[in-house]
Amino acid sequence: MDEEGENIIMEDNYYQLLNVSKTASTEEINSAYRRFSRMFHPDKHSTDPNKQKWAEQIFNKVKEAYEVLSDSHKRAIYDTLGKRGLEVDGWEIIFRTRTPKEIREEYERLKREREERRLQQSANPRGTITLSINATDMFMKYYDEYEILEDTTVIPNIEVSGMTIQQSIDAPVTLRNTMTLSGNISTQNGIGSGSVNVSNRHLSSEKGWAEVECGIGNGPLLGFKVFRTLSRLMFLNCGTVLQFTPRGIVPSLVSTVALQLDAHSVGYLTYRAGGQGGSSMTSIYVRDSEKYHTNTALQIGNPHSFISFNVMRKLPQHDLKLRLALKFGTFGAIAEYGAEKKVSQNSSVSAAVMLGVPSGVMLKLKWTCSTQTIVVPIHLCEEVTPSPVFYATVVPLVSWLVLKKLVLDPIARERADRERQRSMEANFERLKEMQQQARATVELMRETYSRIRGDEEKKKGLVIVRAVYGKLPAGADSHEVNAEEAGDGTQTETASAYSEVIDVTIPIQCLVKGSRLELLEASKSELPGFYDPCVGDDKHLTIHYSFHNNPYCCTIADKQPVVLPRNNHRIKNRS
């Protein structure tokens, strides 16, 4: 079975079986095992042969989880490779002589080698297509002295003013040598050009590499680049190119020194000399944090000098990035604002509006899919006026909303349905077994449930009135779930405000210890007494409970951690 197929096969989560975190100590694991072993020990249910059969099966699962997590070597293999790693013949014998740290390091080494072998078999193509469009006739018509000033044209003149196609492929020759073939062709206002380059990068050590490049375009060229890590916080990148032209050899040099200033900041100093771009010295400060990415640059040179600042706001919960940039220099001034939206795992779209003096108003559209990019800059007006700015801002936004509603959302729903169906088909027998096991587990928990609930009621502690787990329909909230007294706690597929849920009152109450409930940051479907009632859908857990005889209710996402009672409940009761 391929790797993708293996990823959808459901496995037991040993940490969730014992309700302990991945950083749990040996004492916490022992305590959890003693608690669940008393609850599910077959001898405790010997009066009922059917219950004893299920108790033996569940007890063996708990025991298996304990034996793995309490053994540092097995735990390291499980953390690194999952349950399948423990089932590979010979692994335990090989790794028994190694420490858990060495096991993880060995796995990372093997993973890197696997990735290198994959790269050797891949050409890793990268490409960019840039299509420049001149649409200034939409907002500013141009007339020369020979034209009649009466405008009889209904449709504005929109033309393609330029096109550039860049493509490159990598060919790993050995683990340390990679050949790259790249080329580009471009045309601008009827004048075309092109070039082809071949380079070889040699990884000399973990601290550096060297690259030799040769090509042909506007004459032959020969280049050499070198990268070197100078210290833990500093690196150097240098490159020189010799361009052979009819007028002679034109040399150029680019050298960059980078220094990591702190955990989130890096400074760059770049010197350029020779070539057609003139000479310059550029200083760049980059700061990258969880919410923001900022870039400040100052360049002094001939023929252009400038200062620029741009900031990007990251909104990962919406797969969105917002960007604002300002640039002032000897060429004029440019202000830019835009947004980038992640459409899928490997693709994104972005739109940016650039307002410049003297360049005017430009709308830049960009679509990226894996390593291929399409860029469409549209020149709307040669002057900054309200009309093109308004349309450049509103039209892409409205177009995106319409496209998302009519095309992207249906495709995403169809893809999610296919993945859900695929997962259900691959795990049909497993899901059926988990449902039966969960119902049997609830039956085995009844005696413990009655005891824990009775103890909590006597001391006015944490009493679970009702708990349901499953798919919360759109528009519903926690208050729409009636806080009825749990009946017999039998798991069912229907509950108030839910379309696909199960009653988990008994399992939740049995996880209460000392008037405290703690659930970890993992799917609740893997807890004892739970199963997944709606595979592939977003699930929530709603708990109605009382603490010090005060009623409360909370709803949490499936993988969200929870601790009850909450601190404000304790403070309220103290007051």
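Need the list of lysines near K63 for cross-linking: C-alpha distance under 27 angstrom, and skip anything on the same chain fewer than eight residues off.
Hits, sequence-local ones excluded: K22, K44, K51, K53, K74, K83, K101, K432, K513, K524, K559.
Amide H of V173 versus every other amide H placed in the peptide plane: which residues, excluding those fewer than 5 positions away on the same chain, fall under 5 Å?
Answer set, sorted by chain and number: T178, M179.
Taking θ = phi - 60°, what integer Hz values does the Karplus form 6.51 cos²θ - 1.76 cosθ + 1.60 yield along the stretch 183-192, in sequence order, with x for Gly and Pro?
x, 8, 10, 8, 9, 9, 6, x, 10, x
Around S347, which amide H atoms from residues at least 5 apart in sequence, or from another chain, sit under 5 Å from its own amide H, with H modelled in the peptide plane?
S370
So if the hydrodynamic radius of the stretch 418-474 is defined as the Kirkwood radius over C-alpha pairs, what does Stokes-Einstein give as its diffusion coefficient at 20 °C and 1.002 mPa s, in µm² per second?
Calculated translational D: 148 µm²/s.
Ranked highest first by the average count of other Cβ atoms within 10 Å around their residues, in what order do 28-40, 297-309 fall?
On the way: 28-40: 17.4, 297-309: 14.8.
The most tightly packed comes first, giving 28-40, 297-309.
At 1.4 Å probe size, with no ligands or nucleic acids counted, give the accessible surface of S21 in Å², nearest ten.
Estimated to the nearest 10 Å², S21 gives 40 Å².
Net charge within 13 Å of H304 by Cβ-Cβ distance, Lys/Arg positive one each and Asp/Glu negative one each, not counting H304 itself?
Local net charge: +2.
Rounded to the nearest 10 Å², what accessible area does W209 have for a 1.4 Å probe in the complete protein model?
It works out to around 40 Å².
Probe radius 1.4 Å, ligands and nucleic acids left out: which of K513, K342 has the largest accessible area, and how do the rest follow?
Details: K513 120, K342 85 Å².
Descending order: K513, K342.
Largest first, what is the accessible-area ranking of L230, L541 with a 1.4 Å probe? Before the final figure, lay out each step's value.
Values: L230 95, L541 0 Å².
From most exposed to least exposed: L230, L541.
Please tell me the relative contact order of the stretch 201-346 in percent, rounded to the nearest whole number, where contacts are Cα pairs under 8 Å and at least six residues apart.
Working: 331 pairs, mean separation 15.2, N = 146.
Relative contact order, the stretch 201-346: 10 percent.
So what does E27 come to for accessible area, using a 1.4 Å probe and Å² rounded to 10?
Accessible area, nearest 10 Å²: 130 Å².
Per residue, what accessible area does the stretch 231-294 have, given a 1.4 Å probe and all protein chains present, in Å²? Before the final figure, lay out the partial values.
Working: 4120 Å² over 64 residues.
Ligands and nucleic acids excluded, the figure is 64 Å² per residue.
For Cα pairs less than 8 Å apart in space and 6+ apart in sequence, what is the mean separation divided by the residue count of the stretch 254-412, i.e. the relative contact order in percent? Mind dumping the intermediate values first?
Values: 327 pairs, mean separation 15.7, N = 159.
So the answer I get is 10 percent.
Which order do H45, H264 take when ranked by solvent-accessible area (1.4 Å probe, heavy atoms of all protein chains), largest first? Kindly include the intermediate steps, with their values, before the conclusion.
On the way: H45 15, H264 85 Å².
Descending order: H264, H45.
How big is the stretch 257-416 by Rg and Dmax over its Cα atoms, in Å?
Gyration radius and largest Cα-Cα distance of the stretch 257-416: 18.4, 56 Å.
Could you give me the ³J(HN,Hα) list for the stretch 357-371, computed from phi with Karplus coefficients 6.51, -1.76, 1.60 and θ = phi - 60°, whole Hz, x at Gly and Pro?
Whole-Hz 3J(HN,Hα) from phi for the stretch 357-371: 10, x, 6, x, 10, 9, 10, 10, 9, 9, 10, 10, 10, 6, 9.
The values are calculated or read from the model by the stated rules, or taken from the named source; none is laboratory data. As the structure is a computational prediction, the values presented were derived from the model and not from experiment. Cβ sites come from the backbone with ideal geometry, for glycine too, and all protein chains shown count toward neighbours. To get the accessible areas, we keep the full protein, side chains included, count just its heavy atoms, and leave off ligands, DNA and RNA. Shrake-Rupley method; radii C 1.70, N 1.55, O 1.52, S 1.80 Å.
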